[in-house]
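The values are calculated or read from the model by the stated rules, or taken from the named source; none is laboratory data. All of these numbers come straight from a predicted model, not from anything done at the bench. Cβ: placed from backbone, ideal geometry, glycine included. Neighbour counts: every protein chain shown. Side chains included, ligands, DNA and RNA excluded: accessible areas come from the protein's heavy atoms. Shrake-Rupley method; radii C 1.70, N 1.55, O 1.52, S 1.80 Å.
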Amino acid sequence: MKPRRVGMARGYEEMDGANVPRPPGTTSTMGVDSTTAAAAANPSQVAPAPGGTMLAGAAPEFELASVSVVPDDTYTVTQAVNALGFGWFQVKLSLCVGLCWMADSMEMTILSVLGPALHCDWGISRYQQALVTTVVFLGMMLSSTFWGHLSDRYGRKPALTLCGVLLFLYGLLSSVAPSFGWLLLLRGLVGFAIGCVPQSVTLYAEFLPTKQRAKCVVLLDCFWALGACFEVALALAVTPTLGWRWLLGLSAAPLFIFAIITPWLPESARYHVTSGQSDKALNTLEQIAKDNRRPMLLGRLVVEGPSGSRGSLKALLGSSLRRTTLLLWFIWMSCAFCYYGLVLMSTELFGGKNKTITDMGGGMPDDGMTIDCQPLATTDYMDLLWTTLAEFPGIFATIYVIERFGRKKTMALQFLFYAGCVLMITVTEVRVFLTIILFMARGVIAGLFQAAYVYTPEVYPTALRSVGVGGCSALARLGAMATPYIAQVLFQSSIWSAVTVYGIFAACASVACMLLPYETRGADLAH
């Protein structure tokens, strides 16, 4: 047996034969109907006529030397992933990617706690407090397209490995920052590393069957919600006694675990195919078949689409994708603006009940010689935990609605519901009702974020998927950069003005969702 050919499934081999010259002059009067039987009994007595018809007793010059059994059927990575289904392979990948998502959530949630802590400990101003949040998102915005290019050119796995190492390193160094300037620099570098996290969703989505893809990507938000809840609980246990430095250090623990397990992450089979590495793609698909206990497809693996524009940001604004890209950029920017704005406003609403005036003496000036220090009490952390738990029902509700009504309508309805919730904040000051309103708003905006993560990888072709998600993520960070100045600065002077801004953005984003040209429910990933 000869080795298996590149690009062929296992089980297809070349059969060795011999060149056997036929003696001339052999004739036969057998009819066409008896030819098949004669061929079956003695294949050497059958040869092709010039017109292609097999005639018994014909005298060919040579018998076929070797027979290459090459099936006519071909399949793509999408077809293979759908045929192999959801199984143990996807479960393992869910846990790995989920840990990355959880670590990202913790680094984001800590911003709502770190600002008030620094406000009391170092006496930083409201604008400096907002800057601590802004610099993280600035790093994320600047790095998103960088990580997109890196993962499209060198693979999703190397990018995520580097991301895990850098994120752990800068997160740990942030806990020992000697001054406000150093803290800003290190938190900016943390943001730079976090910019790669959306590529984990790209990797995850490329291994999911079409029927389960939306549900699984939305369920991935469970890890985000789990990370947010864990961070609030950790802040409750650590910050009042040990301070914010210990909180930053302990929050880097999941990043360390993720950095260790990244060598076991699979590389995207779609990336291997589009980059001309069919053998590696076949090995990955065979591993999926083995883990899921499914038979491997028979046939030849083919490329799903052209790879010439791979990694090209310019291609996102081509005639076929321009409208989709511009609308998605605005939707993602509004989504991040509203989500992180709600997180920061929640801390301001709960912490605002504990205002104390502190004489700074020779400390850092802030509106004269005093600051309105607002340390979070135990009840504040508990209320924050309750509102964070809202992400879980928001996830499951999104799973149901997104498959029933489609991606576009789901996102549009969620933006409108969010706008109504934030406007209700100005109606009551009763803490119980305020917590309920924030609970509903937090649930719907969390589900909306995941709906956007479902739609975006589906609407872009494989060659542009990573850079497409990266570009949307960059615009999302732009919205997140602006939101501290509304949720922390403007909110202090006028609650009504702040919530009106969020309501307007949410309403406009709802319209943008309905203007998207494609609905991807039930469709395969674009080639």
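Results, tabulated for the structure shown:
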| item | result |
| --- | --- |
| Positions within region 217-231 being touching a Ser or Thr at 6+ places or on another chain (Cβ under 6 Å) and either open to solvent by less than 10 Å² (accessible area, probe 1.4 Å) or not in a helix (DSSP H, G or I) (or both), in sequence order | V218, G227, A228, E231 |
| Set L423, L438, L434: member being buried (at least 24 other Cβ atoms within 10 Å of the Cβ), farther than 24 Å from W329 by Cβ and among the hydrophobic types (A, V, I, L, M, F, W, C) | L438 |
| Qualifying residues in region 172-199 (those that are open to solvent by 60 Å² or more (accessible area, probe 1.4 Å) and not aliphatic (A, V, I, L, M)) - the one nearest to Q129 (Cα to Cα) | W182 |
| Long-range neighbours under 6 Å by Cβ, at least six apart or interchain, first residue open to solvent by less than 10 Å² (accessible area, probe 1.4 Å) within region 200-216, second assigned to a loop (DSSP other than H, G, I, E, B) | L203/S268; E206/S268; P209/G85; P209/F86 |
| Selected residue (only one of T500, T456 is in a helix (DSSP H, G or I), over 30 Å from G276 (Cα atoms), hydroxyl-bearing (S, T, Y) and in the same structural domain as L327 (by the TED database)) | T500 |
| Residues located in region 172-186, provided they are under 17 Å from P254 (Cα atoms) and either part of a helix (DSSP H, G or I) or of a type in the set (D, E, K, R) (or both) | L172, L173, S174 |
| Qualifying positions in region 251-278 - surrounded by 15 or more Cβ atoms within 10 Å (Cβ to Cβ) and part of a loop (DSSP other than H, G, I, E, B) | A252, L265, P266, E267, S268, S275, Q277 |
| Residue that is farthest from T388 (Cα to Cα) [pool: residues in region 110-133 that are β-branched (V, I, T) and crowded, with 23+ Cβ neighbours inside 10 Å] | T133 |
| Residue among L169, L248 that is part of a helix (DSSP H, G or I) and open to solvent by 10 Å² or more (accessible area, probe 1.4 Å) | L169 |
| L95 vs. criteria closer than 30 Å to S278 by Cα, free of Cβ contacts under 8 Å to residues at least 24 places away in the same chain and in the same structural domain as A225 (by the TED database) | yes |
| Some residue of region 428-440 being modelled with pLDDT under 85, farther than 26 Å from H149 by Cα, of a type in the set (D, E, K, R) and not in a helix (DSSP H, G or I) | yes |
| Options G443, G468; residue that is open to solvent by less than 10 Å² (accessible area, probe 1.4 Å), assigned by the TED database to the domain that holds M333 and without any contact (Cβ under 8 Å) to a residue 60 or more places away in the chain | G443 |
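Yes or no, residue by residue, for (1) surrounded by 15 or more Cβ atoms within 10 Å (Cβ to Cβ); (2) more than 30 Å from K215 (Cβ to Cβ); (3) in the same structural domain as I425 (by the TED database); (4) at pLDDT 50 or above:
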| residue | (1), (2), (3), (4) |
| --- | --- |
| G361 | no, yes, no, no |
| P365 | no, yes, no, no |
| D380 | yes, yes, yes, yes |
| T388 | yes, no, yes, yes |
| Y400 | no, no, yes, yes |
